[in-house]
Amino acid sequence: MPVCRGPSIGQLASEPVCAARQGPPPLPVPAPPLLLYPLPAPPAEILAGRRPLLSREKMGSRSASEEKAGSRQRLQVKVNEYKENQNITCVSLRPVQTTVLGKTPKVYLVPFSLSNYKSDQFKHPKSLLNKNSNNEFVCKKCKKTEIRKTCRRILTPKMEATSSKTESTLQKSSLDVCTESNKRQHKSTSDTVIPSVDMESIQNLDSDEDTTLGLSAARLREMIKKRQPPESKRKMPKKRENGTGCRRSMRLLKVDPSGVSLPATPTQPTLIADENPLLPPGPLEMTPENRDDDNDLFKGFLQTWAEVSKTSIKNTEKELSSIKNYKANLNGMVINEDTVHKVTKGPILSVALHPSEIRTLVAAGAKSGQVGLWDLTHQSEEDGIYVFQPHSQPVSCLYFSPANPAHILSLSYDGTLRCGDFSRAIFEEVCRDERSSFSSFDFLGEDASTLIVGHWNGNISLVDRRTPGTSYEKLINSSLRKIRTVHVHPVHRQYFITAGLRDTHIYDARHLNPRGSQPLISLTEHTKSVASAYFSPLTGNRVVTTCADCKLRIFDSSCISSEIPLLTTIRHNTITGRWLTRFQAVWDPKQEDCVIVGSMAHPRRVEIFHETGKQVHSFFGGECLVSVCSINAMHPTRYILAGGNSSGKIHVFMN
């Protein structure tokens with residue numbers, strides 16, 4: 001009686017892949033030479049067409065041990081050869097592992113070559129599920145969910161690992177692993193039964209789910225790409241359309257606590273306070289801000305200066321001393337702690353020295369509108385300083401009257417020109433123009449009765465102190481857009497010079513036209529704004545200008561004609577910046593061929609230059625002079641120099 005043999009283990013492992021999921025056979029893949037190993041004989045149960053039944057006790061005992069071993073099991077590739085068809089070469093491509101009923105099966109994906117393929121060579125075995133008992137079917141049905149999760153957990157990382165390798169690497173690794181897999185099959189006969197059971201379960205899984213075990217490399221790559229997690233993008237917060245906003249005060253919302261809106265409050269016009277309000281017109285009392293009104297010391301101060309001014313000797317013309325004697329006298333001028341003091345609040349813009357030869361009085365005009373007087377002949381410094389407030393804006397020009405030294409005239413940006421009278425202790429208003437801002441002034445007549453005033457907008461006004469009222473006599477539109485300084489020729493007093501933005505003009509006061517006046521001479525050598533321009537004090541034969549291009553220029557004005565030649569250009573740093581008062585080079589009244597100017601050099605100093613450009617002397621003060629003295633003035637007959645800085649301090653050099 002012929003014996004019916006069942007399918008071999010190689011058929012159970014290879015046929016489902018070739019028939020169920022492969023579809024059309026793949027193209028032939030050249031395989032390296034294979035090593036053939038004899039397969040062990042199948043057990044009697046499989047030859048008889050039966051499948052060994054596993055009891056629940058055995059399955060339970062094996063599930064715990066097999067599950068641990070399956071998690072550590074490596075990928076295996078097996079090469080089999082059928083005894084019936086030895087010409088067919090089967091090479092597994094990618095192993096797939098899963099867990100069925102708590103056990104780890106060994107699944108081998110076997111391609112075949114088309115050269116030796118025959119249509120009736122492989123027969124599709126029927127599913128072994130029908131031959132199983134009812135207990136096995138119920139057990140598999142109960143474990144279906146667990147199997148599905150386990151397969152997904154194991155298949156995904158394995159497919160990701162194998163998809164990155166090439167086909168040649170897989171074929172080479174299959175030959176290396178084949179020996180190890182065959183050795184494990186010879187160890188026990190129980191291992192040969194596991195593949196048959198696992199393959200049967202995997203076939204059922206393929207019929208129920210969309211999970212395939214026999215997949216090509218391209219299919220595996222597609223599945224890996226589909227299972228990759230999408231790129232995480234930052235989620236934008238959703239806008240709250242009807243969300244509750246921040247809590248706000250009902251008072252700010254102008255809502256009554258009961259919920260009724262309050263009536264609108266009438267808006268009142270807001271008053272903008274002027275930072276520098278104009279002082280009232282008319283005379284102001286000479287009351288010091290740093291003293292009491294009933295100070296007997298201040299009354300004695302006023303009486304003393306009123307008497308000194310009456311007995312003061314008028315300046316007489318003297319011959320110029322030699323440079324050698326002049327330098328010797330300058331070397332004797334020193335500074336100490338007693339000759340440095342803070343006189344005003346804020347930067348000093350103007351300095352003047354009283355012409356008295358008996359006492360020493362220094363006046364300073366500040367940016368805050370103050371006028372400070374410092375009597376250096378007094379024993380105590382605090383008792384000799386008096387501060388007044390005749391203006392509300394910077395005091396840019398300050399002179400003692402040449403006719404009456406008891407009068408001090410001050411001009412401010414606020415459009416007022418006042419005269420301080422020590423004999424009457426008042427500041428009398430000389431000129432007032434609220435529509436324009438004054439910049440500088442000078443005396444047209446020797447008796448100081450007529451004045452010429454320069455405006456910041458380029459206008460020039462003539463003022464006569466003998467006429468009643470505080471208005472100007474004549475207003476002239478000059479050819480300059482801005483005037484910084486005005487200075488009158490000391491000998492020919494009909495001429496005066498103005499310093500503008502970049503040009504310096506000389507005018508004749510006898511030919512001024514209110515509609516517009518053209519200058520007699522224009523000095524156009526300057527490349528930047530001009531800070532000041534002054535005639536020499538005795539003869540007026542020289543003109544010195546201070547320009548922002550770091551140059552001091554000296555012109556020959558001995559013959560006022562159509563042109564005035566440039567004599568000397570002195571390189572000097574005149575860039576003081578924003579917070580320092582601009583430099584103004586002035587002549588020494590005793591030596592009209594020498595110019596006095598502050599310096600930015602370290603250590604701090606005050607320099608004197610000759611009209612030829614040579615440096616004559618530098619005043620150093622050591623620890624007593626640690627700041628920049630931008631504004632300087634020299635006594636007309638004595639060797640006394642007073643310099644003011646941008647913090648309100650006066651530095652005095654004297655014999």
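Only residues in region 628-647 that are under 14 Å from VAL595 (Cα atoms) count as the first member; pair them with residues that are among the acidic types (Asp, Glu) and open to solvent by less than 10 Å² (accessible area, probe 1.4 Å), Cβ under 7 angstrom, at least 6 apart or cross-chain, and list the lot.
From region 628-647, the pairs are MET634/ASP588.
All but one of (1) open to solvent by 10 Å² or more (accessible area, probe 1.4 Å); (2) under 53 Å from the mean Cα position of the chain (by Cα); (3) hydroxyl-bearing (Ser, Thr, Tyr) hold for THR450; state the number of the condition that does not hold.
With (1) open to solvent by 10 Å² or more (accessible area, probe 1.4 Å); (2) under 53 Å from the mean Cα position of the chain (by Cα); (3) hydroxyl-bearing (Ser, Thr, Tyr) applied to THR450, the lone miss is (2).
Collect the residues in region 628-648 that are open to solvent by less than 30 Å² (accessible area, probe 1.4 Å) and either modelled with pLDDT under 95 or under 37 Å from the mean Cα position of the chain (by Cα) (or both), keeping them in residue-number order.
Taking region 628-648 and keeping what is open to solvent by less than 30 Å² (accessible area, probe 1.4 Å), we get 628-635, 640-646, 648.
Result: VAL628, CYS629, SER630, ILE631, GLY644, ASN645, SER646, GLY648.
Please verify whether region 399-421 includes one or more residues that are within 26 Å of THR287 (Cα to Cα), at pLDDT below 95 and among the basic types (Lys, Arg).
no
Scanning region 588-610 for residues that are in contact (Cβ under 8 Å) with a residue 40 or more places away in the chain and open to solvent by 20 Å² or more (accessible area, probe 1.4 Å), which turns out farthest from THR545 (Cα to Cα)? So that I can check it myself, show each step before the final result.
Here is the first cut: in region 588-610, the residues in contact (Cβ under 8 Å) with a residue 40 or more places away in the chain are 588-598, 606, 608-610.
Next, from what is left, pick out any that are open to solvent by 20 Å² or more (accessible area, probe 1.4 Å): 589-590, 592-593, 610.
Working: PRO589: 16, LYS590: 19, GLU592: 14, ASP593: 14, HIS610: 14 Å.
In this case the residue turns out to be LYS590.
In region 342-373, what residues are surrounded by fewer than 23 Cβ atoms within 10 Å (Cβ to Cβ), in contact with a Lys or Arg (Cβ under 7 Å, 6 or more places away or on another chain) and part of a strand (DSSP E or B)?
LYS342, the sole residue that qualifies.
For the subset of region 517-536 comprising residues that are under 17 Å from SER479 (Cβ atoms) and of a type in the set (Val, Ile, Thr), which member is most open to solvent (accessible area, probe 1.4 Å)?
Of everything passing the filter in region 517-536, THR524 is most open to solvent (accessible area, probe 1.4 Å).
One residue is enough: does region 550-566 have a residue meeting the conditions touching a residue at least 40 places away in the same chain (Cβ under 8 Å), open to solvent by 20 Å² or more (accessible area, probe 1.4 Å) and among the polar types (S, T, N, Q)?
Scanning region 550-566, I find at least one residue that is touching a residue at least 40 places away in the same chain (Cβ under 8 Å), open to solvent by 20 Å² or more (accessible area, probe 1.4 Å) and among the polar types (S, T, N, Q), so the answer is yes.
Please work out which residue is least open to solvent (accessible area, probe 1.4 Å), limiting yourself to region 402-423 and to residues that are of a type outside the set (A, V, I, L, M, F, W, C), touching a helix residue (DSSP H, G or I) at 6+ places or on another chain (Cβ under 9 Å) and in a loop (DSSP other than H, G, I, E, B).
Within region 402-423, the match that is least open to solvent (accessible area, probe 1.4 Å) is PRO405.
Do we have PRO468 as outside any strand (DSSP E or B) and buried (at least 18 other Cβ atoms within 10 Å of the Cβ) here?
Values: outside any strand (DSSP E or B): yes; buried (at least 18 other Cβ atoms within 10 Å of the Cβ): no.
Considered against the rule, which asks whether it is outside any strand (DSSP E or B) and buried (at least 18 other Cβ atoms within 10 Å of the Cβ), PRO468 comes out as no.
The values are calculated or read from the model by the stated rules, or taken from the named source; none is laboratory data. Fair warning: this is a prediction, and the values are worked out from it, not measured in the lab. Using ideal geometry, Cβ is built from the backbone for each residue, glycine included, and neighbour counts are taken over all protein chains shown. Only protein heavy atoms, including side chains, enter the accessible area calculation; ligands, DNA and RNA are left aside. Shrake-Rupley method; radii C 1.70, N 1.55, O 1.52, S 1.80 Å.
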